[in-house]
Amino acid sequence: MVIIAPSILSADFAALGAEVAEAEASGADWIHVDVMDGHFVPNITLGPAITAAVKAHTSLPLDVHLMIENPERYIADFAAAGASVITVHAEACVHLHRVVHQIKELGLMAGVAINPGTPAAAVREVLEDVDLVLVMTVNPGFGGQAFIPRMLRKITQIREWAGEINHKGLRIEVDGGIAEATASLVAEAGADVLVAGNAVFGRSDRAGAIRVIREAADG
Ligand code: DX5
Ligand code: ZN
């Protein structure tokens, strides 16, 4: 069963409470929170205060995607804000293994993300330690970009490694350009958490949008 995580990056930022409540009522499983610092990626979004405000309007797990430098400085703050999953970028962590364990020690699910230009091997040494790998299917920074098909083989490779180390519960998440057509491709490759920004919040019928993605993925 796939998890569908609408990204609030494409929601109305002035009405986030209503937007996440509607996503929950429309069948979302997680709420994806995109945190950008203007350094790691060329855009700035939100921080722990807005994350906590969002948390007050939904009972769904918050899936916090940190696209920031020095993420270790902010993990405790996002945990306190109500995150259930915290994902850091491998490219942003000199001491990736330490950061992953910092997240786990707070009792949260720990994820590691890789950009399109980063090889799958960047997560290999922490695969045993993480609950989730996020394979970026666009270059992070903005919603509404085109899916990069070459990322499919990275998903397959990571799923294969997870099998080799018997990490059956490993979640593989994809983020960027996910809609009906791409959902089936990523699910077939082995992804089981699908982030969708534009394809959910860009539509007026959120329940229909989530259903279409879920049906495409579950095949
Ligand atoms: C991209 C963000 C994504 C983004 C996806 O930098 O990490 O979560 O919101 O948006 P769509 O689904 O519109 O490509
Ligand atoms: Zn994201």
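None of the figures in this text is laboratory data; all of them are computed from the coordinates on show. As the structure is a prediction and not an experimental result, all values here were calculated from the model. Positions of Cβ are generated from backbone atoms using ideal geometry, with glycine treated the same way; all protein chains shown enter the neighbour counts.
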Please tell me the relative contact order of the stretch 123-219 in percent, rounded to the nearest whole number, where contacts are Cα pairs under 8 Å and at least six residues apart. 29 percent
At q = 0.11, 0.15 Å⁻¹, what log₁₀ I(q)/I(0) does a Debye calculation on the Cα points of the chain give, no solvent, two decimals? -0.46, -0.90
Label model pair K168, S84: point-to-point distance (7 angstrom along the Cα→beta-carbon line) in nm is 2.2 nm
Compute the FRET efficiency between E105 and E160 as 1/(1 + (r/R0)^6), taking r as their Cβ-Cβ distance and R0 = 35 Å, and round to the nearest 0.05. 0.75
Cβ crowding within 10 Å averaged over residues, with 68-80, 135-147 ranked highest first: 135-147, 68-80
Please give the calculated 222 nm ellipticity per residue for the chain, where each DSSP H segment of at least 4 residues contributes -39500 (n - 2.57) and the sum is spread over every residue; nearest 500 deg cm²/dmol? -9500 deg cm²/dmol
Estimated vicinal HN-Hα couplings, Hz - the stretch 62-74 in sequence order (Karplus 6.51, -1.76, 1.60; Gly, Pro = x): 8, 9, 8, 9, 8, 9, 9, 7, 6, x, 4, 5, 10
To the nearest Å, what is the center-to-center distance of the stretch 147-219 and the stretch 18-80, using C-alpha atoms only? 19 Å
If you plug each phi of the stretch 51-57 into the Karplus form 6.51 cos²θ - 1.76 cosθ + 1.60 with θ = phi - 60°, what whole-Hz ³J(HN,Hα) values come out, in order, with x for Gly and Pro? 4, 5, 5, 5, 4, 5, 10
